[in-house]
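Coordinate-derived values only; no laboratory data. This is a predicted model, so every value here is computed, not measured. Cβ placement follows ideal geometry from the backbone for every residue including glycine, while neighbour counts extend to all protein chains displayed.
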Amino acid sequence: MLCYQCEQTKGGTGCTEIGVCGKTPEVAALQDLLVYSLKGLASLAHIARTTAGIEDPAVNSFVNGAIFSTLTNVNFADDRFVEFVTESRRLHACLAEKLKAAGVAVPADATAPQPWFGGMPHPLAWNGSPVALGGVGDMIEVGGQTGIAPRQEALGATLAGLQELLVYGLKGLAAYAHHAEALGHKDPAVYAYVQEALHFLCTPAAADLGKVLEHSFRAGAVNFRVMEMLSQAHTGTFGHPVPTPVSLNPVAGKAILVTGHDLHDLDMLLQQTEGKGINVYTHGEMLPAHGYPGLKKYPHLAGHFGGAWYRQKIDFAAFPGAIAVTTNCVLDPLESYRDSMWTINETGVSGVPHIRADASGHKDFGPIIQRALELPGYTEAAVAKAPKKKDVTVGFGHNAVLSVAPAVIDAIQTGKLEHIFLVGGCDGSEPQRKYYSKLHSHMPQNTMVLTLGCGKFRIFDQDFGNLPGTNIPRLLDMGQCNDAYSALVVATELAKVFKTDVNSLPLSLDISWFEQKAVAVLLTLLHLGVRNIRLGPRLPAFLTPEAIQVLVDKFNLIPANVADPGADLKMMMKGK
Ligand code: FSO
Ligand code: SF4
């Protein structure tokens, strides 16, 4: 096993025996096999599209959903990966039949083996071969040959790592695209690009460093479109977020906790729990849901419970109701709540029940509701005993922020606002992440901070007050990690007003990354030419010093100075 796709990778180099996340070598091999198989399926879909005009909606949706399942902290269930690989090969066979019926042959050179697949055939040829895969054991054995090691051997660590940069960017954008698809928002160009890029990684051109980088920035461009599409899906379905106070205090009654990013699932659950005497609480990245008019309208959306994903074993163990996991990040549950938790969509944990959508996309949350009714929920006594917490405010999406833009512009022009910090991204358990908690204590009063993603939990319940002499709050939470789109809209609009570009605004981006959605967002920022981005707490293990240098030279990417947040802040205030 070698996995180095996320920030918490072992020793900052790679997980080899077991994942820091808990991923076993068996699941790692199955995930590698799935990505390898998807490269084959995507190659065939790309050939079918470009040579015969064949569009296969089932393949389009499957590729994005299956690749989503391999993101960090999404799925740890080996049986689900066996299903995904089997389905990938089945869809491959169906699509091959369609091509045959159209009289189109796959060009012979399209299946030429590439050295970075080691002893394995080209993924297109493997998918189409009659290999007998008896089950999980066979798949683990084959999957063990499809990992990063042969790519490093054939291409060297720098190029192999840059190929992974593209794969991880694709994982992130596929995840966001899959969320948008759940709300009925699709873009044929997005499916086409994901498949073209996966196909590219199976061609001789993928041995060219420049072309791999070019594709990575294209992935960033496509991810910008995907984040826009997801924003339209969310705001089109639930309205534009509005500033909304959210209670962190429990309410007496039965309870369900919903974690992850999928607002569509939360909406379905709120509908299905209406009138049942169950209060629904958000957890982790679901907090921004409270700002959407179409979700805050439910009186039983009672409040928010808990912090960022890595605290979920503490949070879930203390929650007296049922738990619904809609997306990452999920961790192997403690025994105390294992029988009260359900995974949904691409998430999975061995031994934890899973809820699937029916053919129309409807999900029956009956088992979760039933369990919530069996569990005690919050008693009056527990509510009385709970420490009273202040509300937090969410809902500063781009519409809400742009509505106060004239006041922000005036504050900049009159010197009341000297600098804006975007401290966005993920949270994690490593001690170096204290940098993000400490950074804020160094921020002068005449500065503002925009947050997004689960990184917000470092400061979300602190009182930052208003910018002196204004009624503009100093802390504005823009939403989930995908709401980086909102931040970019605001920055672009501000740049227009000041007749400059984003890089010349009194704005600094300090990005805390963790998993592959953050990689996709970073590629988007680089594609847009944003410079001087701070990245931390550690730089990606999959990028060698040589690859990092390329990004430093081109974009002045800056490693966060985790040892000295105060010094880092001073540099940012100087626009460096
Ligand atoms: Fe966090 Fe996890 Fe939203 Fe990530 S909950 S770490 S980047 O999955 O997605 O910010
Ligand atoms: Fe390690 Fe991260 Fe891979 Fe898990 S996802 S095995 S923690 S690098």
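Each Lys and Arg contributes +1 and each Asp and Glu -1, all at the Cβ; summed about the Cα centre of the stretch 1-82, the dipole is approximately 140 debye. In this simple spin-label model, placing a label point 7 Å from the Cα along the Cα-to-Cβ direction at both Ala58 and Gln413 gives a separation of 6.0 nm.
Have a look at Ala359, Leu402, Ile369 and report the one farthest towards the positive end of the charge dipole of the stretch 323-412, computed about the Cα centre with Cβ charges (Lys/Arg +1, Asp/Glu -1). About the Cα centre, the residue reaching furthest to the positive side is Leu402.
Which value, in debye to the nearest 20, describes the size of the charge dipole of the stretch 118-268 about its Cα centre when Lys and Arg Cβ atoms bear +1, Asp and Glu Cβ atoms bear -1, and nothing else is charged?
180 debye
Dipole of the chain computed with +1 at Lys/Arg Cβ and -1 at Asp/Glu Cβ about the Cα centre; of His179, Leu505, Pro204, farthest Cα towards the positive end is Leu505. Of the DSSP H helices in the chain, those that are both long (alpha-carbon extent of 30 Å or more along the helix axis) and hydrophobic (Kyte-Doolittle mean at least -0.5) are 25-52, 78-101, 157-182, 209-238. Pairs from the table (Lys438/Lys499; Lys499/Lys570; Lys416/Lys576; Lys390/Lys499; Lys276/Lys517) lying more than 31 angstrom apart at Cα are Lys438/Lys499; Lys390/Lys499; Lys276/Lys517.
The local environment of Leu452, defined by Cβ-Cβ distances under 13 Å, has a net charge of -2 under the rule Lys, Arg +1 and Asp, Glu -1.
Excluding same-chain neighbours fewer than eight residues apart, the aspartates and glutamates reachable from Lys10 by a Cα-Cα span under 20 Å are Glu26, Asp32, Glu164, Asp332, Asp427, Glu430, Glu515.
Peptide packing: for 457-470, 478-491, the average count of neighbouring Cβ atoms within 10 Å per residue gives the ranking 478-491, 457-470, highest mean first. Annotation for the stretch 213-246 versus the stretch 301-361: alpha-carbon center distance of 24 Å.
In loop segments of the stretch 85-124 as defined by DSSP, there are no trypsin sites (Lys or Arg not before Pro) with at most 11 further C-beta atoms inside 10 Å of their C-beta.
Rounded to the nearest 20 debye, the dipole magnitude of the chain is 1260 debye, with +1 charges on Lys and Arg beta carbons, -1 on Asp and Glu beta carbons, and the Cα centre as origin. Calculated on the Cα set of the stretch 363-428, radius of gyration then Dmax: 21.5, 59 Å.
For Gly377, the shell of other residues with beta-carbons less than 14 Å away shows a net charge of +1, using +1 for Lys and Arg and -1 for Asp and Glu. For the stretch 1-136, the extents of the C-alpha atoms along the principal axes are 52, 29, 29 Å, listed from largest to smallest.
Scattering from the chain was approximated by placing one identical point on each alpha carbon and applying the Debye formula without solvent; log10 I(q)/I(0) at 0.07, 0.10 1/Å stands at -0.40, -0.83. Charge tally around Glu141: other residues with Cβ under 15 Å, Lys/Arg +1 each, Asp/Glu -1 each, net -4.
Ordered by the count of other Cβ atoms within 10 Å of each Cβ, fewest first, Thr70, Thr13 give Thr13, Thr70.
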